[in-house]
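Inspection log for the structure reproduced underneath, given as structure tokens.
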Amino acid sequence: MGRPEKIRLGEILVQQKLLSEDQLKAALEEQKKTGRRLGHVFIEKGFISEELISKALARQLGAAYIDLKHYNIKRDIITRLPETQARRFRAIVLEDKGESYMVGMADPTDLTAYDEIARVLKRDIDLAVVTETELLRAIDRSYRRTEQIAGLAQELGADLGDSGAIDFAALATTPGLEEAPVVKLLQTVFEDATQARASDIHIEPQEKRLQIRFRIDGVLHLQTETDAKIASAVVLRLKLMSGLDISEKRLPQDGRFAIKVRNTAIDVRISTMPTQYGESVVMRLLNQGSGILGLDNIGIPADMLVKVREVIHRHSGMILVTGPTGSGKTTTLYAALNELNTPERKIITVEDPVEYRLPGINQVQVNDKIELTFDRVLRSALRQDPDVVLVGEMRDEKTVETGLRAAMTGHMVFSTLHTNDASSTPIRLLDMGAPRYMVALSLQLVLAQRLVRVICESCIEDYKLLPNEHEFLRSELGDEVDRHVYKRGRGCSHCNGTGFNGRTGIYEMLEMTKPVVEAANQEDVQKFIKIAREQLAGRTLRHHAAKIAAAGRTTADEAMRVSSQLAD
């Protein structure tokens with residue numbers, strides 16, 4: 001179709017019986033007060049969904065409605081409209097038809113935007129209607145900054161010259177530093193990492209190249225490789241941002257800083273380490289605007305969730321969440337704290353660092369440099385009359401004993417521990433020097449977890465199991481294995497060709513029942529492990545991973561990958 005005619009959204013929705021006259025009147029009154037767009041008012045008041053509005057507009061205009069969730073966007077096509085115009089006009093180029101482009105618009109009634117897009121593209125436009133939410137997500141995914149990063153890296157290299165020498169004083173004090181190539185490069189890297197949903201940025205100097213990689217959904221992806229001579233300038237600038245010692249290159253350093261990317265606050269934890277070819281930097285990105293998930297939304301199986309909820313509402317005891325770094329332990333603990341966060345409870349957290357901000361609770365940042373240790377802060381916290389205490393990690397014997405003692409004396413204590421599974425956790429506490437009777441009396445529940453990647457909904461398809469995958473799933477599911485249809489992701493623009501989009505938790509739960517407590521009180525470790533594993537039968541991490549694969553939420557290969565990291 002050609003240029004759309006001027007139409008009134010409210011009248012269309014009333015004509016199509018999607019909105020009542022009273023609702024339209026109420027929305028128009030609200031629009032006069034706030035000045036907000038009418039479509040947004042309809043959605044915010046709950047009168048109609050964004051998808052129904054888009055479909056109604058498409059019907060009125062005789063245009064196609066396209067669900068971008070299931071549309072495989074081609075990056076070379078979408079970028080024919082510059083990102084600035086795409087965001088400004090809420091439009092996206094979907095298809096090159098030769099003499100025209102098919103363009104998706106969130107507001108096809110905006111004739112000025114239509115005319116400007118046609119001018120920029122220099123072709124006729126075949127209009128399609130899309131929802132604004134999915135349009136903005138598609139823009140965030142598609143306008144990656146790989147070429148821009150490579151160009152800025154080359155600019156920085158040229159700025160440094162052949163010697164690669166850095167003027168430390170200039171980088172630290174020059175006015176207008178925001179225009180320096182190194183600053184523009186890092187800003188672009190952070191923007192791209194945020195758009196790609198990266199949890200970590202790895203900056204790694206090699207012999208002849210500087211390698212930048214992003215960890216997305218737990219897996220590292222190469223972002224760019226560039227000239228090694230810019231490595232020192234990049235590391236120096238990051239050290240200045242995080243207040244680290246720029247003269248110290250021989251020892252590892254840790255720090256943090258905060259940045260804003262597209263009006264979103266990001267906390268960055270930085271770790272530097274000397275390597276053969278320079279200092280390697282890893283940065284963990286913590287999005288403060290993403291919100292805290294509830295216990296219902298992190299993947300805990302329904303039967304486990306009932307018990308977890310019952311235990312966290314007790315007045316005393318210890319709950320431990322275990323797993324390796326990056327397995328979602330803090331997310332689980334904060335989901336529990338969020339549920340307990342009421343005016344009647346005093347909650348104190350002792351963390352290194354404070355990863356989430358939760359209004360209404362008292363959060364303390366550990367600082368070893370001034371001897372503000374976990375144990376010291378925990379002992380002080382207990383004098384503050386808390387009901388619930390979260391200890392970021394059980395790192396040493398003193399912290400373990402103080403935490404267990406607090407759990408025995410009327411406090412609910414949450415913490416994490418680096419163990420491979422739930423059954424080995426009480427043994428680990430004993431190895432750390434905790435008295436046996438304290439472990440048996442104080443520990444209420446152990447939740448072990450991992451994260452598995454979830455199949456991309458936009459390119460999900462049926463999949464026939466390979467023999468080794470079938471064998472693995474049979475070992476966990478028995479004859480049930482053949483009663484399911486298995487899935488995989490084909491790979492599309494929504495998932496950067498990986499077939500996965502996002503992650504969910506897998507869990508196993510060890511409840512300290514009477515038989516388990518009695519076994520923990522004895523010195524026979526093998527007997528304890530045997531009793532603990534009997535209780536876990538059919539509810540292990542492996543079994544949960546297999547169940548998620550059978551439900552079509554992850555692949556058999558991903559379930560096997562995560563399970564291969566577990567002890568037998």
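Observations, loosely collected:
- Restricted to the stretch 167-195, and to residues there that are modelled with pLDDT under 85 and among the small types (G, A, S), the residue that is surrounded by the most Cβ atoms within 10 Å (Cβ to Cβ) is A180.
- Within the stretch 422-465, the set of residues being touching a His at 6+ places or on another chain (Cβ under 7 Å) and open to solvent by 10 Å² or more (accessible area, probe 1.4 Å) comprises just one member, S458.
- Flag if I270 is at pLDDT below 90, hydrophobic (A, V, I, L, M, F, W, C), out of contact with any Cys (no Cβ under 6 Å at 6 or more places or on another chain) and open to solvent by less than 60 Å² (accessible area, probe 1.4 Å): no
- Filter result for Y334 (aromatic (F, W, Y), part of a helix (DSSP H, G or I) and open to solvent by less than 60 Å² (accessible area, probe 1.4 Å)): yes
- Among residues of the stretch 54-68, those that are in contact with a helix residue (DSSP H, G or I) (Cβ under 6 Å, 6 or more places away or on another chain) and either within 19 Å of A113 (Cα to Cα) or surrounded by fewer than 20 Cβ atoms within 10 Å (Cβ to Cβ) (or both), counted: 2
- Subset of the stretch 181-226 (residues that are part of a strand (DSSP E or B) and without any contact (Cβ under 8 Å) to a residue 12 or more places away in the chain): L222
- Any hit, the stretch 516-532, residues being modelled with pLDDT of 90 or more, farther than 21 Å from G218 by Cβ, in a strand (DSSP E or B) and open to solvent by less than 50 Å² (accessible area, probe 1.4 Å): no
- Selected residue (criterion: surrounded by the fewest Cβ atoms within 10 Å (Cβ to Cβ)) from residues of the stretch 239-260 that are closer than 22 Å to T331 by Cα and in contact (Cβ under 8 Å) with a residue 40 or more places away in the chain: I259
- Residue ID - farthest from R428 (Cα to Cα), chosen from residues in the stretch 466-497 that are open to solvent by less than 30 Å² (accessible area, probe 1.4 Å) and assigned to a loop (DSSP other than H, G, I, E, B): C492
- For the stretch 98-141, filtered to residues that are part of a strand (DSSP E or B) and open to solvent by 30 Å² or more (accessible area, probe 1.4 Å), the residue that is nearest to N72 (Cα to Cα) is D126.
- Residue match in the stretch 80-90 (condition: under 23 Å from R8 (Cα atoms) and open to solvent by 60 Å² or more (accessible area, probe 1.4 Å)): yes
- Listed by position, the helices (runs of 4 or more DSSP H) contained in the stretch 1-97 that have at least 3 residues being among the charged types (D, E, K, R) and free of Cβ contacts under 8 Å to residues at least 24 places away in the same chain are 21-34.
The values are calculated or read from the model by the stated rules, or taken from the named source; none is laboratory data. Just so you know, these numbers come straight off a predicted model, no measurement behind them. For neighbour counting, all protein chains shown are included, and Cβ atoms are generated from backbone atoms with ideal geometry for every residue, glycine included. The area values use the complete protein model at the heavy-atom level, side chains included, leaving out ligands, DNA and RNA. Shrake-Rupley method; radii C 1.70, N 1.55, O 1.52, S 1.80 Å.
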